[in-house]
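*Asks:* One structure coming up, written as structure tokens, with questions to follow.
The values are calculated or read from the model by the stated rules, or taken from the named source; none is laboratory data. Everything numeric here is computed off the predicted structure, so don't read it as measured data. FYI the Cβ positions are ideal-geometry reconstructions off the backbone, even for glycines, and counts take in every protein chain you see.
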Amino acid sequence: MERHDGETLRAAESLRNAVRNSYPHQDDVEGHEAAVLRGATVTLKQFSPILFLELHNEMVAAAGGNPGIAVEKFEELYYDIFATDGSAIDRNAILTRPIIRVIAKRRAQ
């Protein structure tokens, strides 16, 4: 489920502005998390914010997309993904849930 329209670009820019200004931020992009992560790659690499996300796996799959792309993007950016209680969570546990809330934190390189 790829989306490269103005809404996705605005969400990525909004995330960049929030990170640069160090304030909490929320974007409801339901099902378009991978596109926003791609759009914010430079910001995520530069500032390494901790992210709280809701991944809409079932919605992405129903639209013919690959829900694993968002998880792959986190891996490319050296982000570890955790359950909301802070415990480790693996890729399979993330992708088998229709919707899952996670925390992502970039590890030192």
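*Asks:* Just give me the residues in the stretch 92-101 being of a type outside the set (Val, Ile, Thr), modelled with pLDDT of 95 or more and in contact with a strand residue (DSSP E or B) (Cβ under 9 Å, 6 or more places away or on another chain), in sequence order.
*Replies:* Ala93, Leu95, Arg97
*Asks:* Sticking with this one: Check the stretch 70-85 and report whether any residue there is under 15 Å from Val29 (Cα atoms) and crowded, with 16+ Cβ neighbours inside 10 Å.
*Replies:* Yes: one or more hits.
*Asks:* Quick check, is Ala104 over 14 Å from Ala35 (Cα atoms), surrounded by 16 or more Cβ atoms within 10 Å (Cβ to Cβ) and modelled with pLDDT under 95?
*Replies:* yes
*Asks:* Got a number for residues in the stretch 55-69 being surrounded by fewer than 16 Cβ atoms within 10 Å (Cβ to Cβ) and not in a helix (DSSP H, G or I)?
*Replies:* Residues flagged as surrounded by fewer than 16 Cβ atoms within 10 Å (Cβ to Cβ) and not in a helix (DSSP H, G or I) within the stretch 55-69 amount to 3.
*Asks:* Next up: Return only the number of the condition from (1) under 21 Å from Thr84 (Cα atoms); (2) assigned to a loop (DSSP other than H, G, I, E, B); (3) of a type outside the set (Lys, Arg); (4) modelled with pLDDT under 65 that Pro49 does not satisfy.
*Replies:* With (1) under 21 Å from Thr84 (Cα atoms); (2) assigned to a loop (DSSP other than H, G, I, E, B); (3) of a type outside the set (Lys, Arg); (4) modelled with pLDDT under 65 applied to Pro49, the lone miss is (4).
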